[in-house]
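*Asks:* One structure follows; several queries about it will come next.
The values are calculated or read from the model by the stated rules, or taken from the named source; none is laboratory data. All values reported here derive from a predicted model rather than from experimental measurement. Here Cβ is always computed from backbone atoms with ideal geometry, including for glycine, and neighbour counts include all displayed protein chains.
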Amino acid sequence: MNFWRGAAACCLNENHQILMVLQGKPDEEPKWSVPSGGVEPGETIEECCVREVWEETGYRVHIAKKLFEKRGQSYGWNVEVHYFQAAMVLRLRISDGNRWCFAHNL
């Protein structure tokens, strides 16, 4: 069975809203998610998390702490996702496909 490893970032702003991004393949309906993605060769799981937030939102973050790991299977793949609390370092831009949401609205 194939193996996929990724990271996801839980970013909160000063209003305690969670940063959400629209994700999905071109042939799928987009879904809201926290910034996330797969580890690239030579990259640590923490570096993956920081890179994914930058690529998907334009925000620079640092890892505040690890929250948990989730393991499972999806479409014939073993999947492992590491969730991190990420703190904002630099806020340059936010693209149109991103949104800050209160947790009770998710």
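*Asks:* Of everything in region 52-89, what is part of a loop (DSSP other than H, G, I, E, B) and free of Cβ contacts under 8 Å to residues at least 40 places away in the same chain? Give them in sequence order. Can you show your working first?
*Replies:* The first filter runs over region 52-89 and keeps only residues part of a loop (DSSP other than H, G, I, E, B), leaving 58, 75-76.
Within region 52-89, Gly58, Tyr75 qualify.
*Asks:* Is it true that some residue in region 80-90 is of a type outside the set (A, V, I, L, M), surrounded by 14 or more Cβ atoms within 10 Å (Cβ to Cβ) and in contact with a Gly (Cβ under 9 Å, 6 or more places away or on another chain)? Even if it seems obvious, please write down each step before you answer.
*Replies:* Initially, region 80-90 is screened for residues of a type outside the set (A, V, I, L, M), giving 80, 82-85.
When the remaining residues are screened for being surrounded by 14 or more Cβ atoms within 10 Å (Cβ to Cβ), the result is 80, 82-85.
Adding the requirement that they be in contact with a Gly (Cβ under 9 Å, 6 or more places away or on another chain) leaves 80, 82.
Among the residues of region 80-90, at least one is of a type outside the set (A, V, I, L, M), surrounded by 14 or more Cβ atoms within 10 Å (Cβ to Cβ) and in contact with a Gly (Cβ under 9 Å, 6 or more places away or on another chain), which makes the answer yes.
*Asks:* Being surrounded by 11 or more Cβ atoms within 10 Å (Cβ to Cβ) and out of contact with any Phe, Trp or Tyr (no Cβ under 9 Å at 6 or more places or on another chain) is the filter; apply it to region 27-36 and report the residue that is farthest from Arg51 (Cα to Cα). So that I can check it myself, show each step before the final result.
*Replies:* Filtering region 27-36 down to residues surrounded by 11 or more Cβ atoms within 10 Å (Cβ to Cβ) leaves 30, 32-36.
From what's left, out of contact with any Phe, Trp or Tyr (no Cβ under 9 Å at 6 or more places or on another chain): 30, 32-33.
On the way: Pro30: 21, Trp32: 19, Ser33: 16 Å.
Residue satisfying both the conditions and the ranking: Pro30.
*Asks:* A follow-up question, please. Just to verify a result, which residue in region 9-19, among those that are exposed (fewer than 15 other Cβ atoms within 10 Å of the Cβ) and either touching a residue at least 12 places away in the same chain (Cβ under 8 Å) or small (Gly, Ala, Ser) (or both), is farthest from Arg71 (Cα to Cα)?
*Replies:* From region 9-19, those exposed (fewer than 15 other Cβ atoms within 10 Å of the Cβ) are 13-16; that's our starting set.
With either touching a residue at least 12 places away in the same chain (Cβ under 8 Å) or small (Gly, Ala, Ser) (or both) added as a condition, the list becomes 13, 15-16.
Working: Asn13: 28, Asn15: 31, His16: 27 Å.
The qualifying residue farthest from Arg71 (Cα to Cα) is Asn15.
A quick yes/no check of all residues on (1) out of contact with any Cys (no Cβ under 7 Å at 6 or more places or on another chain); (2) surrounded by 13 or more Cβ atoms within 10 Å (Cβ to Cβ); (3) outside any loop (DSSP other than H, G, I, E, B):
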site	(1), (2), (3)
Phe3	yes, no, yes
Ala7	no, yes, yes
Val21	yes, yes, yes
Lys25	yes, no, no
Pro41	yes, no, no
Val50	yes, yes, yes
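*Asks:* While we're on this one: Are there any pairs, at least 6 apart or on different chains, whose C-beta atoms fall under 6 Å, with the first in region 35-47 and among the aromatic types (Phe, Trp, Tyr) and the second part of a loop (DSSP other than H, G, I, E, B), and if so, which?
*Replies:* none
*Asks:* For region 27-39, which residues satisfy the criterion of being closer than 14 Å to Glu80 by Cβ and assigned to a loop (DSSP other than H, G, I, E, B)? Lay out the reasoning, then the answer.
*Replies:* Let us first name the residues in region 27-39 that are closer than 14 Å to Glu80 by Cβ, namely 36-39.
Listed by number, the list holds a single entry, Val39.
*Asks:* Also, I was wondering about something else. From the list Glu43, Glu28, Glu47, Glu52, pick out the single residue that is in contact with a Pro (Cβ under 8 Å, 6 or more places away or on another chain) and farther than 22 Å from Asn105 by Cα.
*Replies:* Working: Glu43 fails: in contact with a Pro (Cβ under 8 Å, 6 or more places away or on another chain); Glu28 fails: in contact with a Pro (Cβ under 8 Å, 6 or more places away or on another chain); Glu47 fails: in contact with a Pro (Cβ under 8 Å, 6 or more places away or on another chain).
Going through Glu43, Glu28, Glu47, Glu52 in turn, just one is in contact with a Pro (Cβ under 8 Å, 6 or more places away or on another chain) and farther than 22 Å from Asn105 by Cα: Glu52.
*Asks:* Quick one: how many residues across region 1-25 are modelled with pLDDT under 95 and in contact with a Pro (Cβ under 9 Å, 6 or more places away or on another chain)?
*Replies:* Residues that pass the stated criteria total 7.
*Asks:* Also: Going by what's in this entry, would Tyr83 be described as under 22 Å from Gly24 (Cα atoms), at pLDDT 95 or above and hydroxyl-bearing (Ser, Thr, Tyr)?
*Replies:* Numbers: under 22 Å from Gly24 (Cα atoms): yes; at pLDDT 95 or above: yes; hydroxyl-bearing (Ser, Thr, Tyr): yes.
Considered against the rule, which asks whether it is under 22 Å from Gly24 (Cα atoms), at pLDDT 95 or above and hydroxyl-bearing (Ser, Thr, Tyr), Tyr83 comes out as yes.
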